[in-house]
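Read the structure below first, then the notes.
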Amino acid sequence: MTIKLRPITDADLTPVYALLVVNGWATRIGSVAELGRLVAASQVATVAIVNNEVVGFIRAITDGQSNGYLSMLIVSAPYRRQGIGRALVESALGDNSRVTWVLRAGREGAPEFFSQLGFEYSSMAMERRRS
């Protein structure tokens, strides 16, 4: 299997949105247009392509110097455990080890997955939740 990672394009928004909806994100992102606005406001928005099909997506917000936030990571169920999620995360993080990356790992299996990529629980984070 050949995996291609590339920046998202407008043509990818509909298949990425479909992937998000199938995996429980519909309550957070209400439309393709809303996804487009989120992507436009992000410094990282990458898709994973296998056989010309979008099978994964990552979105992150970062200044590229000090701080970064991994906002979304999704891989289509039939393609999980094949290195696609890892490749997307490593691509998003880049090679600047001075950036502190944070994320919310509330989905099943997320803490185990991200700990394999060097993430640790932190007692320093706080959040103000959306209403």
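Values quoted throughout were computed directly from the atomic coordinates according to the rules given, and no laboratory measurement underlies them. The structure presented is a predicted model; accordingly, all values stated were derived computationally and were not measured. All Cβ positions, even for glycine, are placed from backbone atoms using ideal geometry, and neighbour counts span all protein chains on display.
Mind listing the long-range amide H neighbours of I8? Cut-off is under 5 Å, sequence gap 5 or more, other chains count too, H placed in the peptide plane at 1.01 Å from N.
Amide H neighbours of I8, under 5 Å, 5+ apart: A45, T46, V47.
Counting helices only, and only those DSSP H runs with n ≥ 4, report the 222 nm mean residue ellipticity of the chain as the sum of -39,500 (n - 2.57) divided by its residues, in deg cm²/dmol to the nearest 500. Intermediate results must be reported in sequence, preceding the final value.
Values: 4 runs with 35 residues, N = 131.
My calculation for the chain gives -7500 deg cm²/dmol from helical runs alone.
Roughly speaking, what is the centre-to-centre gap between region 27-49 and region 60-131 when only Cα atoms are used, to the nearest Å?
Result: 16 Å between the Cα centres.
Which value, in debye to the nearest 20, describes the size of the charge dipole of region 4-115 about its Cα centre when Lys and Arg Cβ atoms bear +1, Asp and Glu Cβ atoms bear -1, and nothing else is charged? Walk me through the intermediate numbers first.
Values: 11 positive and 9 negative charges, 29 e Å.
Here the size comes out at about 140 debye.
Could you rank the peptides 1-12, 72-83 by their average count of other C-beta atoms within 10 Å per residue, with the highest value first?
The peptides rank, most packed first, as 72-83, 1-12.
Return the long-range amide H neighbours of S42 (sequence gap of 5 or more, or a different chain), with a cut-off of under 5 Å between placed amide H atoms.
none
Give a residue-ordered list of calculated ³J(HN,Hα) values for region 116-131 (Karplus: 6.51 cos²θ - 1.76 cosθ + 1.60, θ = phi - 60°; whole Hz; x for Gly, Pro).
Those phi angles translate into 5, 9, x, 7, 10, 5, 10, 9, 9, 7, 9, 9, 10, 6, 5, 8 Hz.
Would you calculate the separation in nanometres between label points at S71 and N23, each defined as 7 Å from the Cα along the Cα-to-beta-carbon direction?
In this crude label model, S71 to N23 measures out at 1.6 nm.
Once amide H atoms are built 1.01 Å from N in the peptide plane, which residues 5 or more positions from M72, or in another chain, come under 5 Å H to H?
Answer set, sorted by chain and number: R59.
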